Amino acid sequence: MTVSVLVVDDSGFFRKRLTEILTSSGQIRVVGVAANGREGVELAGSLRPDVITMDYEMPIMDGISAVREIMQKHPIPVLMFSSLTYEGARITLDALEAGAVDFLPKNFEEIARDGSQLQKILIDRVLDVARSRPASRAQPASPSPRAPQQSAPAAPTRPATSGRSVVPRRQAVQPTQDDTPKRTARKSPARQFAVVGIGTSTGGPVALQRVLSALPAGFPSPIVLVQHMPASFTPAFAERLNKLCKIEVRQAEDGDILHPGLALLAPGGKQMMIENRGGQPRVRILPGDERLNYRPCVDVTFGSLARAFPGKTLGVILTGMGSDGKEGCRMMKQSGSPIWSQDERSSVIYGMPMAVAKAGLSDEVLSLEEIGPRLLEGVC
């Protein structure tokens, strides 16, 4: 089934090149293009595409304001394009909180060349996003206990320009979930864990914010976080979480010692492993192995937890594409450690948690809004 896409970008070159790449797949139709956020909002309402690609810096209305308005009026999965800079990371995180599903780096040089790998990534990502749930359909993230955020005012608007093609909308591709595991309310007894590991991908930035903001400063176990994210994004993401949470959150560095009330985020482009030094969790940061699809990789970190503290850790798998984390959870489970996974209804992409649940590794399947409170009662 064909996926319909609306392209929103102020660059005529980028709109044209993106349209060429997407339509070359034979699975995607670009049903409209817009040169600014206001046109994007209006076309989203009239065309109702399956996916919207969105730039963030545009005249008339910026991408974040456009995403926010689209989610309020007619939620449609949005894929953001962003620059691989600290400022680009900050803006992208704002867009994800506004309701965008995922993001891709915007690299004019690579997209101008015949980069087959880049084109495949772009096409695959659009098809995956078509199966997703916009983040705005879930409950909003908890307000910051340190620095409450306010919604940015919408930019001035003008009528949309004419001359845009209108193609009837087709149904988005939907995965079959007939054999997916159902939620369970079964609860494991409260325990003291040496480390709590949380792994996630698509939808993870908002999900982690929701979970971690529910924890008190004195949370009794250290936490390690693995989020699929570029190297230039993880410092900004760690800073954002630290501002929004009562616990301390920062990007992990080699040699860091974990302690209660501290969450360490794996740096993008590298691998994070946990060692046991006399009963004390210590971080090892290793170069990213090109043979691994994910850098950081949940399987790598969770596997190290299973070896360092057998039977004494808790693994939590949140929303994300693919199945990263399944084998790491298997190792943790075999060592005697419990595994929790997010349920389908509250996941932006039910890939990683579904892989864990379908493999029979989940001790508890929980909705996103339950995971933070469940950590409070399940960790001594």
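Under 23 Å from the mean Cα position of the chain (by Cα) and over 24 Å from Val206 (Cβ atoms): which single residue out of Ile285, Ile317, Ile371 fits that description? Explain how you work it out, then say what you get.
Numbers: Ile317 fails: over 24 Å from Val206 (Cβ atoms); Ile371 fails: over 24 Å from Val206 (Cβ atoms).
Only one candidate qualifies: Ile285.
Going by the conditions given, is Pro205 open to solvent by less than 20 Å² (accessible area, probe 1.4 Å), under 30 Å from Ile285 (Cβ atoms) and at pLDDT 50 or above?
Details: open to solvent by less than 20 Å² (accessible area, probe 1.4 Å): yes; under 30 Å from Ile285 (Cβ atoms): yes; at pLDDT 50 or above: yes.
In short, yes.
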**Asked** Which condition breaks for Glu69 when tested against (1) open to solvent by 10 Å² or more (accessible area, probe 1.4 Å); (2) modelled with pLDDT under 95?
**Response** (2)
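Among what's in the range 230-242 and is aliphatic (A, V, I, L, M) and either open to solvent by 10 Å² or more (accessible area, probe 1.4 Å) or touching a residue at least 40 places away in the same chain (Cβ under 8 Å) (or both), pick the residue that is farthest from Gly303 (Cα to Cα).
Filtering the range 230-242 for residues aliphatic (A, V, I, L, M) gives 231, 236, 238, 241.
Imposing the further condition that a residue be either open to solvent by 10 Å² or more (accessible area, probe 1.4 Å) or touching a residue at least 40 places away in the same chain (Cβ under 8 Å) (or both) reduces the set to 231, 236.
Details: Ala231: 22, Ala236: 26 Å.
Out of the qualifying residues, it is Ala236.
Identify the residue in the range 320-349 that is charged (D, E, K, R) and part of a loop (DSSP other than H, G, I, E, B) and, among all such residues, is nearest to Ser201 (Cα to Cα). It would help to see each step written out before you state the result.
From the range 320-349, those charged (D, E, K, R) are 324, 326-327, 330, 333, 343-345; that's our starting set.
Right, trim to part of a loop (DSSP other than H, G, I, E, B) and you get 324, 343-345.
On the way: Asp324: 9, Asp343: 15, Glu344: 14, Arg345: 16 Å.
Step by step, filter the range 320-349, then rank; the result is Asp324.
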**Complete:** Counted residues in the range 243-270 being farther than 18 Å from Pro296 by Cβ and assigned to a loop (DSSP other than H, G, I, E, B) come to 6
**Prompt:** Could you list, in sequence order, the residues of the range 20-52 that are free of Cβ contacts under 8 Å to residues at least 40 places away in the same chain, assigned to a helix (DSSP H, G or I) and open to solvent by 40 Å² or more (accessible area, probe 1.4 Å)?
**Reply:** Glu20, Thr23
**Request:** Could you tell me whether Leu305 is among the hydrophobic types (A, V, I, L, M, F, W, C) and open to solvent by less than 10 Å² (accessible area, probe 1.4 Å)?
**Result:** yes
**Request:** Could you tell me whether the range 340-352 includes any residue that is under 25 Å from Gly218 (Cβ atoms), open to solvent by 20 Å² or more (accessible area, probe 1.4 Å), touching a residue at least 24 places away in the same chain (Cβ under 8 Å) and over 17 Å from the mean Cα position of the chain (by Cα)?
**Result:** no
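The values are calculated or read from the model by the stated rules, or taken from the named source; none is laboratory data. Note that the coordinates shown come from a computational prediction; the quantities given were computed from them, not determined experimentally. Note that we place each Cβ from the backbone using ideal geometry, even for glycine, and neighbour counts take in every protein chain shown. Note: areas computed on protein heavy atoms with side chains; ligands, DNA, RNA excluded. Shrake-Rupley method; radii C 1.70, N 1.55, O 1.52, S 1.80 Å.
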